[in-house]
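*Asks:* There's a structure below that I have some questions on.
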Amino acid sequence: MSGMSLPELFSLYGQSGFRRFERRTLERLIEENSQMVLAVGGGVVAEDETYVFLLSKCFTVWLRASPEEHMSRVIAQGDLRPMAGNAQAMDDLKRILAAREPLYRKADAVVDTSAQTVEASLRELRKSVTASP
């Protein structure tokens, strides 16, 4: 939406600038689309106003996974940044996920994707959506 890559965006505007851009983009997408599937990064919970906005406007799902699975998925996508020069990357990830868990739990549904195929996770998501009020 900005025409910039994430590294460029962070380089020019920093974390706070990225979060402002994220909020404006989410607001615009939700305003312009009555129905959609929107995947947001796990850090969206770090901005209280943005997360409250999402919780109030969307049916939210926390796709839960173990820290090890998070890391392996990121690496499998070719993103080596979490490990680059950081021997404690896994410990850092575990701390981040533990700190965010109470926020993630505010989602309308939780689907644990750990050690699950995409198909099995989709079945669980369908059950969660059907069971929600």
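The values are calculated or read from the model by the stated rules, or taken from the named source; none is laboratory data. None of the values given here were measured: they were computed from a predicted structure. Cβ placement follows ideal geometry from the backbone for every residue including glycine, while neighbour counts extend to all protein chains displayed. The accessibility values were calculated without ligands, DNA or RNA, using every heavy atom of the protein model including side chains. Shrake-Rupley method; radii C 1.70, N 1.55, O 1.52, S 1.80 Å.
*Asks:* Would a scan of segment 15-29 turn up a residue that is open to solvent by less than 100 Å² (accessible area, probe 1.4 Å), at pLDDT 90 or above, within 25 Å of Leu93 (Cβ to Cβ) and outside any helix (DSSP H, G or I)?
*Replies:* Checked against the condition, which is being open to solvent by less than 100 Å² (accessible area, probe 1.4 Å), at pLDDT 90 or above, within 25 Å of Leu93 (Cβ to Cβ) and outside any helix (DSSP H, G or I), segment 15-29 yields no hits at all.
*Asks:* Scan segment 92-104 and tell me whether some residue there is of a type in the set (A, V, I, L, M, F, W, C), under 18 Å from Ala39 (Cβ atoms), open to solvent by less than 70 Å² (accessible area, probe 1.4 Å) and modelled with pLDDT of 90 or more.
*Replies:* Checked segment 92-104: at least one residue is of a type in the set (A, V, I, L, M, F, W, C), under 18 Å from Ala39 (Cβ atoms), open to solvent by less than 70 Å² (accessible area, probe 1.4 Å) and modelled with pLDDT of 90 or more.
*Asks:* Where in segment 30-108 are the helices (runs of 4 or more DSSP H), entirely inside, with at least 1 residues that are free of Cβ contacts under 8 Å to residues at least 60 places away in the same chain, touching a helix residue (DSSP H, G or I) at 6+ places or on another chain (Cβ under 7 Å) and under 22 Å from Ser16 (Cα atoms)?
*Replies:* Counting at least 1 such residues, we get 48-57, 89-104.
*Asks:* For segment 109-131, which residues satisfy the criterion of being in contact (Cβ under 8 Å) with a residue 12 or more places away in the chain, of a type in the set (Ser, Thr, Tyr) and either in contact with a strand residue (DSSP E or B) (Cβ under 6 Å, 6 or more places away or on another chain) or part of a helix (DSSP H, G or I) (or both)?
*Replies:* Thr113, Ser121, Ser128
*Asks:* Output the residues belonging to segment 87-123 that are charged (D, E, K, R) and over 11 Å from Val61 (Cα atoms).
*Replies:* Asp91, Asp92, Lys94, Arg95, Arg100, Glu101, Glu119, Arg123 - these are the residues of segment 87-123 that are charged (D, E, K, R) and over 11 Å from Val61 (Cα atoms).
*Asks:* Has segment 35-43 got at least one residue that is open to solvent by 40 Å² or more (accessible area, probe 1.4 Å) and modelled with pLDDT under 90?
*Replies:* There is at least one residue in segment 35-43 that is open to solvent by 40 Å² or more (accessible area, probe 1.4 Å) and modelled with pLDDT under 90.
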